[in-house]
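The values are calculated or read from the model by the stated rules, or taken from the named source; none is laboratory data. If you're wondering where the values come from, they're calculated on a predicted model, not measured in any experiment. All Cβ positions, glycine included, derive from the backbone under ideal geometry; neighbour counts span all protein chains shown. Keep in mind that these areas ignore ligands, DNA and RNA; they rest on the heavy atoms of the full protein, side chains included. Shrake-Rupley method; radii C 1.70, N 1.55, O 1.52, S 1.80 Å.
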Amino acid sequence: MLRRFSTAFAALCLSATPAQAALTRAEQAMVRTIDAEQARTTSMLERWVDQNSGTMNVAGVRAVRDLVDPEFKVLGFTTEWIDMKAAGRAGHLVARHNGSKASKRLLLIAHLDTVFEPDSPFQRWERQGDMARGPGGGDDKGGIAVIVAALRAMKAAGTLDRANITVFLTGDEEDSGNPITIARRDLIAEGKKADAALDFEDLAQDDGQNGPVDLGSIARRSAGSWTVKVTGRSAHSSGIGNPGVGYGAIYELARILDTFRRELPDDKLTYNVGLIGGGQSADLDEGRIRLQATGKTNIVAATAVARGDLRAISQEQIERTRAKMRAIVAQSLPGAKAEISFDEDGYPPMPPTAGNRALLGRLNAVNRDMGLAEMTELDPAKRGAGDISFVAADVDGLVGLGPGSVGSHTPNEAVNVPSIFKQAKRAAILMSRLAAEPRSGR
């Protein structure tokens, strides 16, 4: 996990005066607008946080949509709600702004939902100095607040006029709907049209020699699940190891998992076992998150099941690792038979590419002109999967344009409020510069 900054030091860092001389008049105007609207932006985010939008709270996700939608319409965006009943989720909000046909097309990605359902005790915004606790304050309602603040600044400075921007706010990033081919169909389609994708989840930060350091994210690993099922010959335990009995399902599953542990390690790859059971019976529930097992100590296990995940930096690494896993599973102990399957509803990887690095270079040019430190690349092993990965095969991307925060996915989640404005300035200037460039002929 990334080490995070102290509130006092963060406030000092975020109050640094931009190198105004290096910014154009329009960029200086955007900085002033974002600063002038700090109270508005904070109040807006507080309203969003106080509305529960746990992924499975369909009405709540739609309620946040209703709060967010007018913010785009007032800026001249047209909005569309893509219903996701077919995938068992609320839906996605898409806002589009058409500018010059010759300008680059930007895709901004964030999400409306949180991990906190209505039965969670963590429900409300609570300001504590520069920090504000609240569900989704950082992940990812804070990211949407950065988007709105940046776009309002662009509108005021006149740089939004020529910009082609699509904002895609998913309603199920924390627990994607199934089938994934439906749940992410429309996002993938938008990625094929875009020239650059900007992801507004949390800013990555780490501890440096002189305090907290902002990092640039140009890659995300995949997130996929696997299941191993083993059957063995049920018999009295006194016969275990004999040719007619073998070693049973649990020994075979233990062999497989330990061999995975020893033989699968690879750079940026992680492998985990999250659920396991075995005995005379071992039955997964429909959601594959609960397992009921029965058995006795004097009976050789007839069945065993394990589920886990696999996270990789590229599709090639995924395929190579899956091949190793299949080969290990195939080498069964006597009297046992095993099979492995891979879920098809996982998140793909976003590998580091030259195009992604070039986008980080553009952001670092903004940092220099704002008087901020340049951002080095975050180790992708320190960041989970995300929606931008679904468009990574089609468009260059950059991750982590949302605010700094701590405690994501826990009741201690808190957003650093001043970081919202720093990130909005970075985003507004970066998007304005990209929008001023002609399309490359994609």
In segment 337-348, is there at least one residue being aliphatic (A, V, I, L, M), modelled with pLDDT of 95 or more and more than 24 Å from Val115 (Cα to Cα)?
yes
Looking only at residues in segment 157-197 that are outside any loop (DSSP other than H, G, I, E, B) and over 30 Å from Gly54 (Cβ atoms), which one is most open to solvent (accessible area, probe 1.4 Å)?
Lys192
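Residues of segment 247-268 being of a type outside the set (Ser, Thr, Tyr) and open to solvent by less than 20 Å² (accessible area, probe 1.4 Å), which ones?
Keep residues of segment 247-268 that are of a type outside the set (Ser, Thr, Tyr), which gives 248-250, 252-258, 260-268.
Selection gives Gly248, Ala249, Glu252, Leu253, Ile256, Phe260, Leu264.
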What is the number of the single condition among (1) open to solvent by 50 Å² or more (accessible area, probe 1.4 Å); (2) under 26 Å from the mean Cα position of the chain (by Cα); (3) modelled with pLDDT of 95 or more that Arg3 does not meet?
(3)
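Of Arg233, Arg261, Arg290, which residue is basic (Lys, Arg) and in contact with a Gly (Cβ under 7 Å, 6 or more places away or on another chain)? Step through it out loud before you land on a result.
Working: Arg261 fails: in contact with a Gly (Cβ under 7 Å, 6 or more places away or on another chain); Arg290 fails: in contact with a Gly (Cβ under 7 Å, 6 or more places away or on another chain).
None of the others qualify; the one that does is Arg233.
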How about segment 360-391: which of its residues are closer than 12 Å to Ala219 by Cα and out of contact with any helix residue (DSSP H, G or I) (no Cβ under 8 Å at 6 or more places or on another chain)?
Leu360, Leu378, Asp379, Pro380, Ala381, Lys382, Arg383, Gly384, Ala385, Gly386, Ile388, Ser389
Looking at this structure, is Ala373 over 22 Å from Arg433 (Cβ atoms) and assigned to a loop (DSSP other than H, G, I, E, B)?
no
How do the pairs read when you match residues in segment 346-362 that are in contact (Cβ under 8 Å) with a residue 12 or more places away in the chain with residues anywhere that are hydroxyl-bearing (Ser, Thr, Tyr) and open to solvent by 20 Å² or more (accessible area, probe 1.4 Å), using Cβ under 6 Å and keeping only pairs 6 or more apart or on different chains?
Pro349/Ser314; Pro351/Ser314
Which of (1) more than 25 Å from Gly142 (Cβ to Cβ); (2) open to solvent by less than 20 Å² (accessible area, probe 1.4 Å); (3) modelled with pLDDT under 95 does Gln205 not meet, given it meets every other one?
(1)
Restricting segment 384-434 to residues that are open to solvent by less than 30 Å² (accessible area, probe 1.4 Å) and of a type in the set (Lys, Arg), which is nearest to Gly137 (Cα to Cα)?
Lys422
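Does segment 30-86 hold any residues that are of a type in the set (Lys, Arg) and in contact (Cβ under 8 Å) with a residue 24 or more places away in the chain, and which are they?
Going through segment 30-86, the residues of a type in the set (Lys, Arg) turn out to be 32, 40, 47, 62, 65, 73, 85.
Correct list: Arg62, Arg65.
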What about Ile328, is it under 25 Å from Asp172 (Cα atoms) and of a type in the set (Val, Ile, Thr)?
no
All but one of (1) at pLDDT 95 or above; (2) more than 30 Å from Pro351 (Cα to Cα); (3) of a type in the set (D, E, K, R); (4) open to solvent by 40 Å² or more (accessible area, probe 1.4 Å) hold for Glu286; which doesn't?
(1)
If you check Arg233 against the conditions, is it within 30 Å of Leu363 (Cβ to Cβ) and in contact (Cβ under 8 Å) with a residue 40 or more places away in the chain?
no
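Just for segment 208-246: of the residues that are hydroxyl-bearing (Ser, Thr, Tyr) and surrounded by fewer than 21 Cβ atoms within 10 Å (Cβ to Cβ), which one is farthest from the chain's Cα centre (by Cα)?
Taking segment 208-246 and keeping what is hydroxyl-bearing (Ser, Thr, Tyr), we get 217, 222, 225, 227, 231, 234, 237-238.
Among the residues that remain, those that are also surrounded by fewer than 21 Cβ atoms within 10 Å (Cβ to Cβ) are: 225, 227, 231, 234, 237-238.
Numbers: Ser225: 16, Thr227: 23, Thr231: 37, Ser234: 44, Ser237: 47, Ser238: 51 Å.
Ranking the qualifying residues of segment 208-246, first place goes to Ser238.
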So the strands (runs of 3 or more DSSP E) completely within segment 242-329 holding 2 or more residues that are over 28 Å from Gly386 (Cβ atoms) and free of Cβ contacts under 8 Å to residues at least 40 places away in the same chain are 270-279, 281-284, 291-294
So if I check each of Asp130, Asp113, Asp140, which one is under 25 Å from Leu203 (Cα atoms) and open to solvent by 10 Å² or more (accessible area, probe 1.4 Å)?
Asp130
Which members of segment 336-361 meet the condition of being in a loop (DSSP other than H, G, I, E, B) and open to solvent by less than 30 Å² (accessible area, probe 1.4 Å)?
Asp343, Gly346, Pro349
